[in-house]
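A short write-up of the structure that comes next.
The values are calculated or read from the model by the stated rules, or taken from the named source; none is laboratory data. These numbers come from a predicted model, not from an experiment. For neighbour counting, all protein chains shown are included, and Cβ atoms are generated from backbone atoms with ideal geometry for every residue, glycine included.
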Amino acid sequence: MDTTAKKIQTASRADALADRIELGAAGLAAFAEGLSDTEWRTPVSEGGREGRSVGVIVHHVASVYPIEIDLARTVASGKAVTDVTWSAVAEMNAKHSQDQAAVTKAEALQLLRQNSLKAAAAVRAFTDEELDGAAPFSLSFGAPVTAQFVIEDHALRHSWHHLARIRAALGR
């Protein structure tokens, strides 16, 4: 395969992932924009218990894009991710929930748009070789997953996952 064809193949694969990140964030933003103040403050059930408000969750999705991309870059480089555990994620989420309890819709949506675009731009810079890079990943129980999997399971899926939970909580 010549260099030009390889660049096109790399660009289209990374672009497709980035496009899906943008699509998910846009869907979450569009839904959140139409929420009333009461809906924005509605708690979303998490594991059978009352959880974070809709607004905090939207801000959460926005705020973790940089972390999710850094994790994918680490895996792409072949380095194991061992210190990011589900209990550490739960602690981070609890602190975030307290810190952002009064987040406004405007603040959260601005951060969602800004960070999702930055995440998509970062993903577009990945090569196929980087996307295929694998390393043990603690959030996948130490399984050697690829950087593409980390992108898909975290930065890409995150907005879709939370939008579905928000819709269920609001009965929409």
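Scanning the stretch 145-172 for residues that are surrounded by fewer than 17 Cβ atoms within 10 Å (Cβ to Cβ) and either small (Gly, Ala, Ser) or in contact with a Pro (Cβ under 7 Å, 6 or more places away or on another chain) (or both) turns up ALA164, ALA168, GLY171. Among the residues of the stretch 96-149, those identified as among the β-branched types (Val, Ile, Thr) and either within 19 Å of the chain's Cα centre (by Cα) or under 15 Å from VAL64 (Cα atoms) (or both) are VAL103, VAL123, VAL145, THR146. Scanning the stretch 119-144 for residues that are within 20 Å of VAL61 (Cβ to Cβ) and exposed (fewer than 14 other Cβ atoms within 10 Å of the Cβ) yields a single hit, ALA121. The set of residues in the stretch 86-103 that are surrounded by 13 or more Cβ atoms within 10 Å (Cβ to Cβ) and either touching a residue at least 60 places away in the same chain (Cβ under 8 Å) or not hydrophobic (A, V, I, L, M, F, W, C) (or both) comprises ASN93, HIS96, SER97, GLN100. For the stretch 102-119, does any single residue satisfy the condition of being modelled with pLDDT of 95 or more, farther than 20 Å from ARG20 by Cβ and among the β-branched types (Val, Ile, Thr)? Yes, that holds for at least one residue.
One residue stands out among those in the stretch 53-75 that are farther than 13 Å from LEU163 by Cα and in contact with a Ser or Thr (Cβ under 8 Å, 6 or more places away or on another chain): the one that is surrounded by the fewest Cβ atoms within 10 Å (Cβ to Cβ), which is TYR65. Where strands (runs of 3 or more DSSP E) fall wholly inside the stretch 33-149, the ranges with 1 or more residues that are of a type in the set (Val, Ile, Thr) are 43-46, 143-146.
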